[in-house]
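Just below is one structure, and these are the notes that go with it.
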Amino acid sequence: MEINKDIADLESAEDRKRKARKFVLCYHNFNVKNCKRASAEIRKIAAAAGSPITIAVVPSIGGVPESEVEYFCEQIEGFIKDGYEIVLHGARHRADLFVNRSIFGKVALWLSHNGAEFAGLSKRFSQALLDRGIALWNAHGLGKASGFVPPVWIDNKYLRSQALKHFDNYEDLICIYKKKGERVKTYGSPLLTFSALPKFLLGPYMAIACFIFWAPAGTPRLVFHSEDFRNLGEKRVLNMVRYAAVMRENIKYKDL
């Protein structure tokens, strides 16, 4: 009996230690064109994590048929019903190339293959683009998103304060910013994503990610895109999720 009690106490201590260390697990770029494939991938990631995850949704629907828009909204509604968290991921994700940008913003466009929607913008254009994204999301009638996660936002010094006027959460490469009443609290949170890496760096970077999940500090964000299921392979993606979920407790932005 005493041995069993000692084992139970040890397991309880390990569980408390794990729950003291948290991470955010998010799937990026869920949109009207990829939602069928992405929905299946999200469900697999959540099953590996043992809990619903956060989904970063691109609200623009472009010129797709109405039936595809209905399917897109139905999938989001289903995720919300099942306890998944929805954050807004820009407006179109693709950058408007006619907009004036800083030099660093133009570099971000090149590095992201024109996906750096909010990079290097002036205050006026940044606000206009944010307003566009919010309007596109509201048009779906799916309720308020938990937060705002911009696609590559390098050299935009206005977006954080602009976004936090509308949303409870915002983030950059190393921090999550969360409104607590009238205050904004900052959480140390390294971003771990694989989509922009060349294939020869994927293995070493996964090892670094494992170390970060093992270390006691911070609240890392583990972000996957659909491309990761091809570049990393489904097995490696899900094994990384399982490892992270063993080392830390998976939470949502709203739970910080």
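What the table below lists for this structure:
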{"item": "Residue in segment 93-116 that is open to solvent by less than 40 Å² (accessible area, probe 1.4 Å), among the small types (Gly, Ala, Ser) and closer than 21 Å to ILE251 by Cβ present", "result": "no"}
{"item": "Members of segment 86-100 found to be in contact (Cβ under 8 Å) with a residue 24 or more places away in the chain and over 19 Å from ASN34 (Cβ atoms), listed by number", "result": "ASP96, VAL99, ASN100"}
{"item": "Count of residues meeting criterion [loosely packed, with under 15 Cβ neighbours inside 10 Å and assigned to a helix (DSSP H, G or I)] in segment 156-204", "result": "6"}
{"item": "Cross-chain or 6+ apart pairs with Cβ under 7 Å, segment 109-137 first and assigned to a helix (DSSP H, G or I), then surrounded by 15 or more Cβ atoms within 10 Å (Cβ to Cβ) and of a type in the set (Phe, Trp, Tyr)", "result": "LYS123/TYR158; SER126/PHE118; SER126/TYR158; LEU129/PHE118"}
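Yes/no matrix, rows are residues, columns are (1) free of Cβ contacts under 8 Å to residues at least 12 places away in the same chain; (2) closer than 18 Å to ARG37 by Cβ; (3) open to solvent by less than 10 Å² (accessible area, probe 1.4 Å):
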| site | (1), (2), (3) |
| --- | --- |
| TRP214 | no, no, no |
| ALA217 | no, no, no |
| LEU222 | no, no, yes |
| ARG230 | yes, yes, no |
| VAL237 | no, yes, yes |
| VAL241 | no, yes, yes |
| VAL246 | no, no, no |
| GLU249 | no, no, no |
| LYS252 | no, no, no |
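The values are calculated or read from the model by the stated rules, or taken from the named source; none is laboratory data. These numbers come from a predicted model, not from an experiment. Every residue, glycine as well, gets a Cβ built from its backbone with ideal geometry; the counts of neighbours run over all protein chains shown. The protein model used for the area step is the full one, side chains on, heavy atoms only, and it has no ligands, DNA or RNA in it. Shrake-Rupley method; radii C 1.70, N 1.55, O 1.52, S 1.80 Å.
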